[in-house]
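Scroll down for the structure; my scribbles are underneath it.
The values are calculated or read from the model by the stated rules, or taken from the named source; none is laboratory data. A quick note: this is a predicted structure, and the numbers were derived from the prediction, not measured. Backbone-built Cβ (ideal geometry, glycine too); neighbour counts: all protein chains shown. The area values use the complete protein model at the heavy-atom level, side chains included, leaving out ligands, DNA and RNA. Shrake-Rupley method; radii C 1.70, N 1.55, O 1.52, S 1.80 Å.
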Number of protein chains: 2
Amino acid sequence: MLKINGPRLWASLMAMAEVGATARGGSCRLALSAEDQAGRELFSHWCTAAGLTLSVDAIGNLFARRAGTEEDAAPVMMGSHLDTQPEGGRFDGVYGVLAGLEVIRSLDDHGIQTRKPLEIAVWTNEEGARFTPAMLGSAVFTGALALDKALASVDVDGISVAEALRAIGYHGERASGGAVDAYFEAHIEQGPILEDNAKSIGVVTGGQAIRWLDVRVTGMAAHAGTTPMPLRKDALYGAAQMIQALESLAKDFAPEGLTTVGELSIAKSSRNTIPGLLHFSVDLRHHRDTDLDAMEQQVHKQLQAIAAQRGLDVTISPHWISPATPFDAQCVACVQAAVDALGYSQQRIVSGAGHDAIHLARYCPTAMVFIPCVGGLSHNEAEDVLPEDVRQGTDVLLNAVLARAGQAT
Amino acid sequence: MLKINGPRLWASLMAMAEVGATARGGSCRLALSAEDQAGRELFSHWCTAAGLTLSVDAIGNLFARRAGTEEDAAPVMMGSHLDTQPEGGRFDGVYGVLAGLEVIRSLDDHGIQTRKPLEIAVWTNEEGARFTPAMLGSAVFTGALALDKALASVDVDGISVAEALRAIGYHGERASGGAVDAYFEAHIEQGPILEDNAKSIGVVTGGQAIRWLDVRVTGMAAHAGTTPMPLRKDALYGAAQMIQALESLAKDFAPEGLTTVGELSIAKSSRNTIPGLLHFSVDLRHHRDTDLDAMEQQVHKQLQAIAAQRGLDVTISPHWISPATPFDAQCVACVQAAVDALGYSQQRIVSGAGHDAIHLARYCPTAMVFIPCVGGLSHNEAEDVLPEDVRQGTDVLLNAVLARAGQAT
C-alpha cells in the first residue's frame with residue numbers, strides 16, 4: 001500500500017500553526033482576517049510549488065487542482081478549512097486541508113497520475129466564530145445558502161463577508177458549485193470515542209440527526225421568605241425535574257441518543273425570588289431520524305406531564321433541525337477498503353459535529369476519515385493529536401482517493 | 001375597645017399613593033428621590049396638622065412625636081417606610097407609617113393622652129431598590145450599620161446617600177438611636193398565608209432565620225454532538241439533581257423549612273456545549289436557627305454526594321446569614337391581647353420578609369402586626385389589600401400601643 005510522508009505533513013501542520021499562533025500553543029485565524037489571509041497564502045505557496053492550479057469562487061472558497069488524465073472528468077475533491085476559533089487548536093480543519101496537500105505531494109513522490117482530476121478545497125468560514133452561519137462557504141458551494149445572503153452576513157464590528165473578502169483579496173471569479181465526483185474530508189474526531197476505544201481511524205458513516213428545541217417554563221414569581229412551599233409554582237424546581245428527565249431520556253435511547261441542555265436563563269432572577277419564568281435549550285441527537293422523532297415525542301410528553309403535575313406552563317418550540325446525513329456507501333467503502341488493507345486499528349463512527357462534509361454529502365458522494373484527538377479536546381488551544389494518527393489517517397485518505405480517482409495506466 | 005377611623009386612614013393611603021403614582025395603579029417613590037421627598041412632605045404636613053413635632057436624623061429617618069404625660073419616658077414607637085420599589089404597590093411600608101398616624105389621630109378623637117410619648121418613624125431606604133443595603137435607615141438607627149458607610153452607599157448613577165439626602169433636604173440633626181421603650185410595626189404580610197387561612201390579623205412572633213449560600217459546580221465542558229453520555233461530566237445535569245434534592249430537603253423540614261434557588265448561571269453557555277461550570281444561589285429559611293443548622297448540614301452532605309457520584313466538583317460558600325429574630329414576649333402579648341379583645345380572626349405567624357422591625361428587635365422590645373395582601377402579592381403595582389383588614393390591623397395597633405404607652409389618668 002502507498003504511504004504518505006509523515007514528517008513532511010507534520011512540518012507543514014506546524015508551519016501553518018505559526019500563522020496566528022497564540023500564547024498557549026494554539027492558533028487564531030478568524031475567517032477572512034489578516035491571519036486567515038496569511039494562512040491561505042502559505043497554503044497557496046505550497047500548492048504552486050507542487051504545480052497545482054489555484055482558483056477562488058465568489059464566497060472565497062479556495063481550490064487547488066491537480067490535473068487528471070481524463071481532464072473532462074469531475075474532480076475527486078479533498079479538503080476542509082483553515083479558519084479557526086478565537087482560541088483554536090492546530091488541527092481542527094487544518095488537518096483535512098494539509099492531508100489533501102500531502103496526498104498530492106505523495107502521488108508526486110511516486111510519480112502517480114490519476115485519471116480524474118484532484119482538487120483540494122479550503123472552505124470559507126467553517127467555524128462560524130466570526131460570521132454566521134458556520135460552514136458558510138460549503139453551504140454556498142452546495143446551494144444550501146444563497147450567495148447574496150452569505151455575503152451580507154456581518155461580524156460583531158458590522159463588517160460584512162463581502163467587505164472582508166475584498167479586504168483580503170479573496171472575492172474570486174470561479175463559478176460556484178460544478179460537478180464533483182466525490183468529496184473526502186479527513187478531520188480530527190473532536191470527541192473522545194476513538195481514543196476511549198484505542199482506535200487510530202474512524203470510518204465515518206455519516207452525520208447524526210440534530211434537533212434544537214427552545215423550552216419556556218412559566219410558574220409564579222414570589223418572595224422566597226414569605227411563600228410556603230406547597231403554595232409555590234417554582235419554574236426552576238420544575239425545570240430541574242425536566243432536565244433530569246432529559247438526562248434519563250438519553251439512557252432510554254443509549255448509546256446513540258444524546259441530550260444536552262446548554263443554556264438556561266431565569267428571567268429577572270434574584271437570590272430571594274422564586275423563579276417565575278425561565279428558558280432553556282435542548283439539543284437532541286441520534287444517528288437515525290426515526291429515533292430522534294421518538295425522542296422528541298418523549299420530550300413533549302414528559303415535560304408536559306411534569307408541568308401539569310406542578311401547575312406550571314411549558315411551551316416547547318422547534319429552533320433548528322438537521323436531519324441525519326448518511327455518507328455515500330461507495331465512498332465509505334473506499335475508506336473502509338483502504339484502512340483494511342493498511343491494517344490500522346479502526347472502527348465505524350458517526351460524526352457528532354458539523355463539518356463541511358455534511359453539506360457536501362447532500363451534493364455529491366462523500367465520506368470522511370477521523371483520527372483521534374487527545375482527550376477528545378477541540379476548539380481549544382490545547383487541542384492535540386498523535387503524529388502517528390496523523391500519518392495513518394492520511395495514508396487512508398491517499399488510498400481511498402486514489403481508488404476513487406483511478407490510477408492512470 | 002377603641003377603634004380607629006377606617007375611611008380616614010383609607011383616604012390617607014390613597015392620597016399617598018398619588019405621590020409617584022404609576023400607570024398601572026402602583027407607586028414609585030425610590031428612596032430619597034423627588035417623589036420620596038414629596039411623600040415625606042405630605043406626611044409631615046399631616047403630622048403638623050395633628051400637632052406632632054418633627055425631627056430628622058443624619059441618615060434621613062423622619063420622626064413625628066406626640067408628647068406623653070411622662071415626658072422623660074422613652075417613646076413607644078410605630079412606623080415603617082414610605083419608599084417603594086420601582087414598580088411598587090400602595091401599601092408596602094406606607095401602611096405601617098399611616099397606621100401609626102391614624103393611631104394618633106384616633107387618640108386625639110377620643111381625647112386620650114398617653115403616659116409615655118409616642119413617635120412615628122419613617123425609615124430611610126427600606127426597600128434597597130435605590131441604595132444597598134435594604135433597611136438602611138433602621139440599620140443606622142440601631143447601630144447595625146455605621147453612619148459613614150451608609151452615607152457613602154451609591155445608586156446606579158453614582159449618587160451617594162449623602163448627596164441624595166442633601167438634595168432633598170433630609171440630612172437632619174437629631175442624634176441617632178436613643179432610648180426606645182418599644183417598637184410596633186404594622187405591615188402587609190407580603191405572602192399568602194393569612195389569606196390562605198382566611199385570617200385578618202397575623203400576630204408576628206419574630207423573623208425567621210435566613211442563610212444564603214453560593215454553590216459552584218465544576219464538570220467538563222465538551223461538545224454536545226461528539227461526547228457520549230457516559231463520558232460526560234455535565235455540570236447542569238448534576239445541578240439539576242442537586243436542585244431536586246434542595247426541593248426535597250424543604251419537605252424534610254416542613255412546614256417551616258424553605259429552600260429557594262433564585263439564581264443560576266452557566267459559564268460560557270452555548271446551546272451545543274455541555275455545561276462545564278455553573279453557579280447557583282441557595283436561600284435557606286427556618287423559624288429556628290438549630291433547624292437551619294441541620295438544613296445547611298444536609299445541603300453540604302447531599303450536594304457533595306451527588307457531585308462525587310457524578311465526578312463533579314462542588315464548592316458551597318456562605319454568602320450571608322441572618323439569625324432568627326424572636327420578638328419581645330411582652331410586646332407580642334400586647335398585640336395578642338388587643339386582637340383577642342377585638343375578636344378578629346387571627347393566627348400567630350413568623351415574618352418571612354425583612355422589615356425595619358427586624359433591626360429594631362435587636363435594639364428594643366419589638367412586635368409586628370400583619371394583615372393579608374390579596375394573593376400574597378407584593379413588590380408589584382397590583383399589590384392590594386381589603387379595607388376591612390386595613391382597619392382591623394390598625395385597631396390592633398392602636399390598642400397594643402395604648403397598652404404599652406399607658407393611658408394617662
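Summary of values
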| item | result |
| --- | --- |
| Lone qualifier among A:62, A:30 - being touching a helix residue (DSSP H, G or I) at 6+ places or on another chain (Cβ under 9 Å) and open to solvent by 10 Å² or more (accessible area, probe 1.4 Å) | A:30 |
| Positions within region B:147-166 being in a helix (DSSP H, G or I), among the small types (Gly, Ala, Ser) and more than 13 Å from residue B:124 (Cβ to Cβ), in sequence order | B:152 |
| Region B:363-388, residues that are under 20 Å from residue B:8 (Cβ atoms), under 19 Å from the mean Cα position of the chain (by Cα) and away from chain A (no Cβ under 14 Å) | B:369, B:384, B:385 |
| Residue in region B:170-183 that is open to solvent by 60 Å² or more (accessible area, probe 1.4 Å) and free of Cβ contacts under 8 Å to residues at least 60 places away in the same chain present | no |
| Unmet requirement for residue B:310, which otherwise passes all of (1) buried (at least 17 other Cβ atoms within 10 Å of the Cβ); (2) free of Cβ contacts under 8 Å to residues at least 40 places away in the same chain | (2) |
| Residue check for residue A:335: part of a helix (DSSP H, G or I), more than 14 Å from chain B (Cβ to nearest Cβ) and open to solvent by less than 10 Å² (accessible area, probe 1.4 Å) | yes |
| Pairs with Cβ under 9 Å, 6+ apart, first in region A:68-79 and at positive phi, second surrounded by 16 or more Cβ atoms within 10 Å (Cβ to Cβ) and assigned to a loop (DSSP other than H, G, I, E, B) | A:79/A:61; A:79/A:123 |
| Qualifying positions in region A:298-307 - hydrophobic (A, V, I, L, M, F, W, C) and either within 14 Å of chain B (Cβ to nearest Cβ) or surrounded by fewer than 16 Cβ atoms within 10 Å (Cβ to Cβ) (or both) | A:303, A:305, A:306 |
| Residue that is farthest from the other protein chains (Cβ to nearest Cβ), among those in region A:253-270 that are out of contact with any helix residue (DSSP H, G or I) (no Cβ under 9 Å at 6 or more places or on another chain) and surrounded by fewer than 18 Cβ atoms within 10 Å (Cβ to Cβ) | A:268 |
| Some residue of region A:8-16 being surrounded by fewer than 22 Cβ atoms within 10 Å (Cβ to Cβ) and farther than 25 Å from residue A:370 by Cα | no |
| Region A:321-332 - residue that is part of a helix (DSSP H, G or I) and under 21 Å from the mean Cα position of the chain (by Cα) and, of those, surrounded by the fewest Cβ atoms within 10 Å (Cβ to Cβ) | A:329 |
| Residue list for region B:232-248, restricted to those being more than 7 Å from every other protein chain (Cβ to nearest Cβ), surrounded by 20 or more Cβ atoms within 10 Å (Cβ to Cβ) and not basic (Lys, Arg) | B:234, B:235, B:238, B:239, B:242, B:246 |
| Single residue of A:104, A:120 found to be open to solvent by less than 10 Å² (accessible area, probe 1.4 Å) and either in a loop (DSSP other than H, G, I, E, B) or out of contact with any helix residue (DSSP H, G or I) (no Cβ under 7 Å at 6 or more places or on another chain) (or both) | A:104 |
| Selected residue (only one of A:166, A:130 is free of Cβ contacts under 8 Å to residues at least 40 places away in the same chain and of a type outside the set (Phe, Trp, Tyr)) | A:166 |
| Subset of region A:65-83 [among the aliphatic types (A, V, I, L, M) and surrounded by 17 or more Cβ atoms within 10 Å (Cβ to Cβ)] | A:76, A:77, A:78, A:82 |
| Lone qualifier among B:144, B:134 - being among the hydrophobic types (A, V, I, L, M, F, W, C), under 23 Å from residue B:26 (Cα atoms) and open to solvent by 10 Å² or more (accessible area, probe 1.4 Å) | B:134 |
| Test: residue B:206 is under 30 Å from residue A:351 (Cβ atoms), more than 8 Å from every other protein chain (Cβ to nearest Cβ) and open to solvent by less than 20 Å² (accessible area, probe 1.4 Å) | no |
| Of all residues making up region A:273-297, the number that are facing another protein chain (nearest Cβ under 8 Å) and either open to solvent by less than 10 Å² (accessible area, probe 1.4 Å) or in contact with a Phe, Trp or Tyr (Cβ under 8 Å, 6 or more places away or on another chain) (or both) | 5 |
| Filter result for residue A:192 (farther than 29 Å from residue A:262 by Cα and either surrounded by fewer than 23 Cβ atoms within 10 Å (Cβ to Cβ) or more than 10 Å from every other protein chain (Cβ to nearest Cβ) (or both)) | no |
| Close pairs from region B:12-26: first of a type in the set (D, E, K, R), partner modelled with pLDDT under 95 and open to solvent by 40 Å² or more (accessible area, probe 1.4 Å), Cβ under 9 Å, at least 6 apart | B:24/B:87; B:24/B:382 |
| Criterion (without any contact (Cβ under 8 Å) to a residue 24 or more places away in the chain and more than 17 Å from residue B:180 (Cβ to Cβ)) met by exactly one of B:54, B:42 | B:54 |
| Test result for residue A:198, over 23 Å from residue B:239 (Cα atoms), in contact (Cβ under 8 Å) with a residue 60 or more places away in the chain, surrounded by fewer than 18 Cβ atoms within 10 Å (Cβ to Cβ) and more than 8 Å from chain B (Cβ to nearest Cβ) | yes |
